[in-house]
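Working notes, structure below.
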Amino acid sequence: MAASADNTTSAYYVTTPIYYVNDRPHLGHAYTTVAGDVLTRWHRQRGEQVWYLTGTDEHGQKIMRTADANGVTPQEWCDKLVEDAWKPLWQHLNIANDDFIRTTEQRHTDRVQEFVQDLHDKGEIYKGGYEGPYCVGCEEYKLPAELLPGATDDVKLCPVHKKPVEWLEEENYFFRLSAYGPKLLEFYAANPDFIAPASARNEVLRFVEQGLQDLSISRSTFDWGVPLPWDEKHVLYVWVDALQNYLTAAGYGADPERFARLWPASVHLVGKDILRFHAVIWPAMLMAAGLPLPKRVVANGWLMVGGEKMSKSNLTGIAPQDLTAHFGVDAYRYYFLRAIPFGTDGSFSWEDFTARYTSELANDFGNLASRVAAMVGKYFDRSLPAATAAGEAEQAVAEGLATAVQTADRKIGEELDFAGGIAAIFEFVKQVNGYLTEQEPWKVAKDESEAGQARLATILYTAAEALRATAVLLNPLMPVTAEKLWDSLGAEAGLGALADQTIATVADWGRLPAGSTVTKGEILFPRLEEKPAV
Ligand code: MSP
């Protein structure tokens, strides 16, 4: 199909895992979703076309059993949780997803049937039998060697869920995954950035090097899934159904123009627990279908509780909303990405969150913004003066900004090193604080000579201009706070909307026009209330 040049520009397409709706979202789910939101907002701020996808995984035995236990149909269960819990949380956390896919939607189930039919027609799927230990929590057959001992000799536990596995014996359809081992290894070697971080890549390489088994892709003992078009007694294995959400939402088989723009995906964000599905099974399925492979699979570490992955059965008792009620949504978005290097495990601590809120957000950043606005108000009647007496100290601030922008753009935009990128921005905030401490504008203000007033004007312009850039850099991470700062600097009148500022120009010194009306807006990070009893 012919498309105009505009339509074929490829978009930066980022996905989260689609989450199981057997329960409400917890801190761990929010962690990946916020990371994807910051990544896509960063690329939007670069002026790129972006597409951010999240959604829910609604088929399979786990969901079916949960619905049964609650006395409703699986569809009713999913509808309720999606509308009452999942979508509202993403809205609350200011997640700017472009689409929300549910695997029970017909736009998805139709595409899934076409996809597997195609693989079947190509001889990639055959009928066989399988028996082995199955973990419903993982929705995955396990290898006997990886199981943990249970209470008695004949009980074995899943190493992830620590719950007894079930012995399954079924006639299944199989995907010829074993044939793809060598091709996958070749692909990993040719695309060293495909899997990140390095620890995740190594794990996958070792796994594939051992040789792959064919994958059972259907189930016939229950019916909550997508029926196989050529044998409706079977439903498709939930993971094969789920992985295809990334294609469905990109317009595969339905909207060729959109598909050309979005596929292959730029980044699949995944927790490290589901890395193999995304870095082994998914690329093999795409190879079998003759489709291009995603550019990157990036695994985040786990939020831990008591040394274990935080999960439904093992929560802190703290919901994301409990934290946002106390710290605010923007501080929440900030904290987890700042405190835990992306890719490694980390624990949440109320004390650490409080300490970072107070020292980094309230003191270093919030106070800087309010002090500068207060001084422009007091000494220049809220009208930003021009910097007529700039010297080396001001030059150093401008250079500090250029370094911060370069580092943050590389770390956040390319390397997904959110902690490193945020640190670079906050280094700059610290530098501006140091600049004010050295320049002592409150003392310079007492010098009423023309030279004294010119210095005062220059110092305050420099600080306000630094804040202008900080607002742009923090917009992807803390959009509400950044907007408040943009308003308080009166920046929109001269520069337009905050969303329209680009990373490419953010370090151009002197963008905020003299004469902008600077007002002391509301406090960006108010003093915290007493810690609530949770
Ligand atoms: N439905 C599958 C994914 C299918 S994707 C085609 C699934 N869902 S899940 O609800 O279990 O969510 C998995 C994802 O949630 C993890 O991969 C991770 O991104 C996020 N997290 C869930 N618990 C987490 C932590 N404790 N810590 C960090 N991330 C966590 O697997």
> Looking at (1) crowded, with 17+ Cβ neighbours inside 10 Å; (2) at positive phi, which is the only condition GLY211 fails?
Replying inline: (1)
> Any idea which of (1) buried (at least 18 other Cβ atoms within 10 Å of the Cβ); (2) in a loop (DSSP other than H, G, I, E, B); (3) out of contact with any His (no Cβ under 9 Å at 6 or more places or on another chain) is the one CYS138 doesn't satisfy?
Replying inline: (3)
> Among the residues of region 8-41, which ones are crowded, with 22+ Cβ neighbours inside 10 Å, more than 11 Å from the chain's Cα centre (by Cα) and within 30 Å of GLN501 (Cβ to Cβ)?
Replying inline: TYR13
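Looking for whichever is over 30 Å from LEU247 (Cβ atoms), away from the ligand (no atom under 14 Å from the Cβ), open to solvent by 40 Å² or more (accessible area, probe 1.4 Å) and over 21 Å from the mean Cα position of the chain (by Cα) here; the options are ALA355, ALA373, ALA362. Which one fits? Show your work before the answer.
On the way: ALA373 fails: open to solvent by 40 Å² or more (accessible area, probe 1.4 Å); ALA362 fails: open to solvent by 40 Å² or more (accessible area, probe 1.4 Å).
Going through ALA355, ALA373, ALA362 in turn, the sole match is ALA355.
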>> Looking at region 341-369, I want the residues that are closer than 19 Å to PHE418 by Cα and have a partner that is open to solvent by 30 Å² or more (accessible area, probe 1.4 Å) and part of a loop (DSSP other than H, G, I, E, B) with Cβ atoms under 6 Å, at least 6 apart or on another chain. Which pairs are those?
In response: GLY343/PRO197; ASP345/TRP302
>> It is to be established whether one or more residues within region 166-189 are closer than 20 Å to SER313 by Cα and assigned by TED's automatic domain parsing to the domain that holds TRP230.
In response: yes
>> Restricting to region 485-504, name every residue that is crowded, with 18+ Cβ neighbours inside 10 Å and at negative phi.
In response: LEU485, TRP486, SER488, LEU489, ALA491, LEU495, LEU498, GLN501, ILE503
> Any idea which of (1) more than 13 Å from the ligand (Cβ to nearest atom); (2) among the aliphatic types (A, V, I, L, M); (3) surrounded by 23 or more Cβ atoms within 10 Å (Cβ to Cβ); (4) not in a helix (DSSP H, G or I) is the one ALA331 doesn't satisfy?
Replying inline: (4)
> In this structure, does LEU89 turn out to be at pLDDT 95 or above and within 26 Å of GLN321 (Cβ to Cβ)?
Replying inline: yes
> Of all residues in region 34-84, which are in contact with a Pro (Cβ under 6 Å, 6 or more places away or on another chain) and among the small types (Gly, Ala, Ser)?
Replying inline: ALA67
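Conditions (1) at positive phi; (2) of a type outside the set (A, V, I, L, M, F, W, C), marked per residue:
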position	(1), (2)
GLU440	yes, yes
TYR461	no, yes
ALA464	no, no
ALA482	no, no
PRO513	no, yes
SER516	no, yes
GLU522	no, yes
ARG527	no, yes
> Restricting the search to region 439-452, which residues are assigned to a helix (DSSP H, G or I) and in contact with a helix residue (DSSP H, G or I) (Cβ under 7 Å, 6 or more places away or on another chain)?
Replying inline: GLN439, PRO441, VAL444, GLY452
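For every residue, the table says whether it meets (1) away from the ligand (no atom under 14 Å from the Cβ); (2) outside any loop (DSSP other than H, G, I, E, B); (3) open to solvent by less than 10 Å² (accessible area, probe 1.4 Å); (4) not β-branched (Val, Ile, Thr).
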position	(1), (2), (3), (4)
GLU232	yes, yes, no, yes
ALA242	no, yes, yes, yes
ALA254	yes, no, no, yes
MET287	yes, yes, no, yes
> Which residues, taken from region 289-318, are within 12 Å of the ligand (Cβ to nearest atom), open to solvent by less than 20 Å² (accessible area, probe 1.4 Å) and either of a type in the set (Gly, Ala, Ser) or not assigned by TED's automatic domain parsing to the domain that holds SER199 (or both)?
Replying inline: ALA299, GLY301
>> Among the listed residues ARG527, ARG468, identify the single one that is buried (at least 23 other Cβ atoms within 10 Å of the Cβ) and of a type in the set (Lys, Arg).
In response: ARG468
>> Checking LEU275 against (1) within 13 Å of the ligand (Cβ to nearest atom); (2) under 30 Å from GLU351 (Cα atoms); (3) at pLDDT 95 or above: exactly one of these is not met. Which one?
In response: (2)
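Looking only at residues that are part of a helix (DSSP H, G or I) and of a type outside the set (A, V, I, L, M, F, W, C) in region 492-528, which one is nearest to the chain's Cα centre (by Cα)?
Within region 492-528, the subset part of a helix (DSSP H, G or I) is 492-495, 498-500, 503-506.
Retained after the next criterion (residues that are of a type outside the set (A, V, I, L, M, F, W, C)): 492, 494, 500, 505.
On the way: GLU492: 28, GLY494: 32, ASP500: 22, THR505: 25 Å.
Here the residue is ASP500.
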> Does TRP77 satisfy the condition of being open to solvent by 20 Å² or more (accessible area, probe 1.4 Å), touching a residue at least 40 places away in the same chain (Cβ under 8 Å), touching a Ser or Thr at 6+ places or on another chain (Cβ under 7 Å) and within 16 Å of the ligand (Cβ to nearest atom)?
Replying inline: yes
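The values are calculated or read from the model by the stated rules, or taken from the named source; none is laboratory data. Bear in mind that the values here come from a model prediction, so they are computed numbers and not experimental data. Cβ coordinates were reconstructed from backbone atoms using ideal geometry, including for glycine residues, and neighbour counts include every protein chain displayed. Surface accessibility is based on the protein's heavy atoms, side chains included, excluding ligands, DNA and RNA. Shrake-Rupley method; radii C 1.70, N 1.55, O 1.52, S 1.80 Å.
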